[in-house]
């Protein structure tokens, strides 16, 4: 039988590739070539009438290779290429009824790989776990609790690794690849390290390799764990409620971790960005569960406020995507009773360098940042000191006249300023002169805005209509 869309390649050819993979005597290079051919034509195979039987035999072989083969930590190793391609093919499997019977065995294998395999493969394994749980929602089993305990252990150990993360070199220099002390290096690897071989065996030998960290220590893997815990809670809410509650102290510790200035200067920027990414995604996890576990979180509110400000202060200027995610998480947190706990430190949020950062892409962040802060200020305005009200007036008065901001943000700024008038009147009983001065400034802001509308914008509107 041939497949109509594959230029006449017989199904048996693909079965032969599987047989090569299953042959323990075949050389790794030949197995890699067979795996590459399977991967390249995988969509064609999936469209074939023979796909269900192919799925049965291929998964058996794929899972056996992953089960029996040793994890590889040198990215360029042939066996690593094979294992990664196999995982990617499993991830590409179409969500069909024929796959359902294999879901349990696939998930069991993926959960095993999380504990033993390298960063590259674990990241693919996590995507497989997410997709299969989203579409098939398998019934609860003890493996889920084991997984949550595993994630909990990673968070528990993170503070102990802080020095190693930021003080261990990302460059390894050796005379020969055989000299590599893999176990020692892997115990201190949290991101990919570059291995330089100074004396290759011959002129054609590769001189640079990449050491992949274990998934359990990888900062990139740590960034992906919160979303899976959230998914597990959504699917198995009653069964894992207590386990997820136990994450809260670990979350609060994680968002308050910060390297010293010396450690930040020692490390590569990418490592720091990955570390911050892991912290911010952990905060996003907290933002998701904050309403469910509000009592526990409020009891630890000081850790929440200090952690959020810590992340805003340290978020790298070039990582606009992280600051955006941080602001979205903050918005969710400010929408709960926790916002009252930010009153003692809210003045810091009116510092635009802290709120928005200095990055070249800050213009894309400003609308979200200002609307998040305005929402918080509006809800706690009656409790704000005159000094904080002055900061609010200064910032949002400037926004009213900022033509680089959308009309919606300018309008929102006007609404907030109007809502602050009554608060200023209240303060006028104690500090009449300062309050009057701020109110006078507000009047000037609105008069100037009306003047701008009358002189510039209104003629344009009339001309258009």
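Values computed for the structure shown
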| read-out | value |
| --- | --- |
| Contour minus Cα-Cα distance for residue 163 and residue 452 (0.36 nm per residue) | 98.5 nm |
| Estimated Rh, the stretch 265-353: Kirkwood, alpha-carbon pairs, angstrom | 13.6 |
| Gyration tensor verdict on the stretch 113-154 (Cα atoms; rounded if a/c is under 1.5, prolate if a/b is larger than b/c, oblate otherwise) | oblate |
| Sites residue 426 and residue 64, calculated FRET efficiency, Cβ-Cβ separation with R0 60 Å, nearest 0.05 | 0.25 |
| Cα extents of the chain along the three principal axes, largest first (Å) | 90, 56, 51 |
| Cβ-derived FRET efficiency at R0 30 Å, residue 358 paired with residue 77, nearest 0.05 | 0.15 |
| Global form of the stretch 11-138, assessed from the alpha-carbon gyration tensor, a/c cut-off 1.5 | oblate |
| Protection proxy ranking, peptides 410-418, 181-189, average beta carbon neighbours within 10 Å, highest first | 410-418, 181-189 |
| Estimated [θ] at 222 nm from DSSP helical runs (n ≥ 4, -39500 (n - 2.57)) normalised by residues in the chain, nearest 500 | -21000 deg cm²/dmol |
| Whole-angstrom gap from the stretch 268-307 to the stretch 141-185, using each part's C-alpha centre | 22 |
| Computed over the chain: relative contact order in percent, which uses C-alpha pairs under 8 Å that are six or more apart | 9 |
| Tensor-based shape of the stretch 33-95 (alpha-carbon gyration tensor, a/c under 1.5 rounded, otherwise prolate or oblate) | prolate |
| Gained length - residue 295 relative to residue 321, 0.36 nm times residue gap less alpha-carbon distance | 6.3 nm |
| Rg/Rg_ref, the stretch 321-465, where Rg_ref = 2.2 N^0.38 Å and atoms are Cα | 1.12 |
| Distance from the stretch 208-234 to the stretch 55-119 (C-alpha centre basis), Å | 17 |
| Burial ranking of peptide ranges 246-253, 436-443 (average Cβ count within 10 Å, highest at the top) | 246-253, 436-443 |
| Considering only the chain, percent of DSSP beta bridges that pair antiparallel, nearest 5 | 65 |
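Just so you know, all these numbers are worked out from the coordinates, no wet-lab data involved. Just so we're clear, the structure is a prediction, and the values are computed from it rather than from any experiment. Don't worry about glycine lacking a Cβ; one is built from the backbone with ideal geometry, like all the others, and counts go over all protein chains shown.
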